[in-house]
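The values are calculated or read from the model by the stated rules, or taken from the named source; none is laboratory data. This one's a predicted model, so the numbers in the text were calculated from it and none came from an experiment. Neighbour counts run over all protein chains shown; Cβ positions are idealised from the backbone, glycine included. All accessible areas refer to the heavy atoms of the entire protein, side chains included, with ligands and DNA or RNA removed. Shrake-Rupley method; radii C 1.70, N 1.55, O 1.52, S 1.80 Å.
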Amino acid sequence: MEETSTVLAQQLPEEIFFEILLRLPVKSLLKFRSVSKSWLSLISSPLFNKTHVNFSLNNPQMTDYRLAVVASVSKLGRICNIYNMGFEKDSFFTVVKHSNPAKSLSLSAKILGSCNGLICLTSDKFTLMLFNPCTGNFNVFPDSMLKDNGGGCYVRYGFGYDVSNEDYKVVKIFSFPLAEGRYENMVKVYSLKDKSWSIIEGFNSGNINGKLGVFVNGALHWEVCYSYCSSDCWEIVTLDLAAGQYGKIALPRYEDEGIYWTLGVSRGYLVACCNYEPKKADMWVMKEYGVEKSWTKLVTMSLPVDRRDYISPLFVTEKGDEVLLQLGAELMQYNTRNASFKRLDDFMSGDFRQVQMATYFESIASPHI
């Protein structure tokens, strides 16, 4: 078998053989690693790993997207599971249960973000984890703490990739309340390459409502609210992981009434949802990153009467006719063609105390550098 595959590879120019492998599903690549030592060496190489991720990012129509659901369950013991959900043409998606990826993933495990097919999680054991659901590989490293000054602080996370330094980074923001609804933010960054935490320049802002930074176009994004008397002003605060610089992006225009913004990413696009209390929500997509005029309203949704939480965008199909949403602890599908909601929670059984969701695309990215 090894000899046959080696001959086959040698019959093709190296660059063509490389390009053929790039277009194969991750599931096939994982199987082909056992064909021969030469194939294993090629598919496992950092160059192929990096090129395969870039190919997936630049060719979303050929990329397999999934949804990870970390669900903490309290019933006859405590476990956490990950559900891989594949988006299919006929039924939108299918569900496959994934077992607990590691013993360090505890009841209070939380998703911190996803990037390049990797999911970043935290647990109550003061550790963080990078996990590839496709390969099953994971990397555990210490979280960073900060001595409280007595006034209390809020913590926000973000996870993304610094393309200039070829380094995965975790960002942790400690927000200390100031006067008039403003906050002083101290920021720490973990470098997977350096295997260490460092303090970078902080910033002042309003209340960072987004608990998790959304990674798009090399930067992390958090929705921020400034409270002025009886009205609120919202904007997006960004952190470029390569340059280490902060920025701002204006949100689309919204009606002057009770609102709450949530952010998401779908197929590489920044998505924003404006929740109007209590009846409707507008979904927006930034068609051209960084160009505020490119905000395009996808749909206005009349919300279910039994709504108990805000809508967060998870995934938008290429045609924009179906939207995957998180509504509190529930997974919902919205069909823009007939303005209908469908609750997709039949796979959730047991006493779920906490449910978190994050989309990702299949890759062979390594959680180690």
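Put 164, 227, 266 in order of accessible area, largest first, 1.4 Å probe: what do you get?
The most accessible residue leads, giving 164, 227, 266.
Counting heavy atoms of the protein chains only and a 1.4 Å probe, report the per residue accessible area for the stretch 14-58 as a whole number of Å².
60
Counting only protein heavy atoms and a 1.4 Å probe, tell me what percentage of the stretch 14-58's accessible area is made up of carbon and sulfur.
Result for the stretch 14-58: 61 percent of the exposed heavy-atom area is carbon or sulfur.
Dividing the convex hull volume of the alpha carbon atoms of the stretch 14-58 by its residue count, what do you get in Å³ per residue?
Considering the Cα atoms of the stretch 14-58, their hull volume per residue is 65 Å³.
Can you give the local net charge around residue 215? Use residues other than it whose beta-carbon is closer than 13 angstrom to its beta-carbon, Lys and Arg +1, Asp and Glu -1.
-1
Using alpha-carbon positions, what is the distance between the centroids of the stretch 202-270 and the stretch 115-194, in Å?
The distance from the Cα centre of the stretch 202-270 to that of the stretch 115-194 comes to 17 Å.
In whole percent, and with a 1.4 Å probe on the protein chains, what portion of the accessible area of the stretch 140-192 is carbon and sulfur?
Within the stretch 140-192, the accessible surface is 51 percent carbon and sulfur.
Could you pull out the pairs from 188/287; 50/211; 248/297; 169/319 whose alpha carbons sit more than 25 Å apart here?
188/287; 50/211; 169/319
Can you tell me the accessible area per residue over the stretch 231-299, all protein chains present, probe 1.4 angstrom, in square angstrom?
Details: 3360 Å² over 69 residues.
Accessible area per residue: 49 Å².
Compare 321, 167, 240 by solvent-accessible area with a 1.4 Å probe and give them largest first, with all protein chains kept in place.
Descending accessible area places them as 240, 321, 167.
Please give the solvent-accessible surface of residue 186 in Å², to the nearest 10, using a probe radius of 1.4 Å with every protein chain present.
Taking all protein chains as shown, residue 186 has close to 60 Å².
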